[in-house]
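A.B. asks: Okay, here's the structure, questions in a sec.
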Amino acid sequence: MLTPRTADTHRALPQWRPLHGLMIVTALITPLAVTLWLGGTEALAAVKRFPLDVLALMIVIAFLCWNLNAARLRLMLDGRAGHLGQRGALGIELASKFALCATPGGSGGPPTLLVLLSQRGLPAAKGAAVFLLDQGCDLLFFLCMLTGLVAFSLLGEAQWPHQALIQMALVALVLLAAGVTLVMGYLPRLLRYPASPGSRWLSGYRRRWLARRLLKCRYGLQATLQLPITTLLAMLMLTTAHWLLRYSLLYLAVLGAGGNADWLWTFLTQMLAMAASQFSFLPGGAGAAELGVGGLLLPLMAREQAAAAVLVWRLVSYHLYLAAGAPYFLLSAYRLVRRPSTARL
């Protein structure tokens, strides 16, 4: 993706390899393959009957999500990258999201964002801090939602499919989040301890790489929590609005496909499925995301309805991001190539 050359700090565009294109094509056709496997031709018929007004509403929500993230980016930059209007911030948002969706594990998103910000005069170190602020806000939101879901499932009257399994998964996620929080809090002290015999399989380089990543994450969380309260509240409100709207796409897809499910269940379904999609080697978590969501929807509706809902959901939440972000990414790449070779970060 768009990455700066570390040797001489010249801007450079890496080479695309055939494997990258093959992986993107596979990720694009995977939702269709999963739909046919889950629901057969009846699922495609259900997709054809999908209400156009619901589809239009889903597209409008996706557009709103992009603009909410662009507004949050402007708030985080606070004028440090020059004058950045909503249109310019939206272009950065879509280009970086395209890179995020087009690479395994979203690995291309952060470097692309850093290069786009550096083109506006923001150094890479400060651009990395902006990215960590963004991730810190997302993490705070999901920690709050996860805590609320656990309390609701254990203390409320939730009647979810696989109730015991879902509760175990939620409790496990909370314990994991608590463990990560403790590690982050005591990270400097933990890094001073010598390597244990069980970690000798990690080379010195890998241990240093892991330590840098953990310290950057800790810094991002600290920087987020140390923001002025008004700025932090505004960022968290934009983050909350974005994720509540984006995670409503599956609920609308289920309704449009003729199914019936609680909004909270579809939110939980996406949270668990997207966590599982991190183990997919395909861009966008293709395969794991569709199977995870489809498997959790099957107890509530017919197979063809679940398959149709999954396909429409992925078309709006993944393919639309690629289609909307590709022109901005290609335009940024073109500008990058046309810049003088002596341009500095």
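Taken together, the values in this text are just the output of simple stated rules run on the coordinates, not laboratory data. Quantities reported herein were computed from a predicted structural model and do not represent experimental measurements. Cβ sites come from the backbone with ideal geometry, for glycine too, and all protein chains shown count toward neighbours.
A.B. asks: Using 0.36 nm per residue of separation minus the Cα-Cα distance, give me the extension gain between ARG87 and ASP262 in nm, one decimal.
C.D. replies: Going from the current span to full extension adds 59.5 nm.
A.B. asks: Given R₀ = 30 Å, FRET efficiency for LEU22-LEU57 by Cβ-Cβ distance, to 0.05?
C.D. replies: So the FRET efficiency works out to roughly 0.30.
A.B. asks: Based only on other Cβ atoms within 10 Å, what is the fewest-to-most ordering of GLU290, GLU304?
C.D. replies: The most exposed by this proxy come first: GLU304, GLU290.
A.B. asks: In nm, what is the difference between 0.36 nm times the number of residues separating GLN135 and TYR334 and their Cα-Cα distance?
C.D. replies: 68.8 nm
A.B. asks: Output wanted: per-residue J couplings in Hz (rounded whole) for the range 280-285, from phi through Karplus 6.51 cos²θ - 1.76 cosθ + 1.60, θ = phi - 60°, x for Gly and Pro.
C.D. replies: Along the range 280-285, the couplings run 7, 8, 8, x, x, x Hz.
A.B. asks: Rounded to the nearest 0.05, what FRET efficiency do ILE29 and PHE152 give with R0 = 25 Å and r taken as the Cβ-Cβ distance? Could you check?
C.D. replies: Here the calculated transfer efficiency is 0.10.
A.B. asks: Figure the gain on full extension for VAL171 and ILE229 (residue separation times 0.36 nm, minus the Cα-Cα span) and round it to one decimal in nm.
C.D. replies: In short, 17.9 nm is gained.
A.B. asks: Along the charge dipole of the range 43-153, pointing to its positive end and built from +1/-1 on Cβ of Lys, Arg, Asp and Glu, which listed residue (ALA89, MET76, CYS65) has its Cα farthest out?
C.D. replies: ALA89
A.B. asks: For the range 238-251, take each phi angle, set θ = phi - 60°, evaluate the Karplus expression 6.51 cos²θ - 1.76 cosθ + 1.60, and give the result in whole Hz per residue in order, putting x for glycine and proline.
C.D. replies: 5, 4, 4, 4, 4, 6, 5, 5, 5, 7, 8, 4, 5, 4
A.B. asks: Now for a separate question. Please work out the Cα center distance from the range 29-74 to the range 78-111, rounded to the nearest Å.
C.D. replies: 22 Å
A.B. asks: Between rounded, prolate and oblate, where does the range 49-106 land on the alpha carbon gyration tensor, with a ≥ b ≥ c its root eigenvalues, rounded for a/c under 1.5, else prolate if a/b exceeds b/c?
C.D. replies: It is oblate, given that a/c is not under 1.5 and a/b is not larger than b/c.
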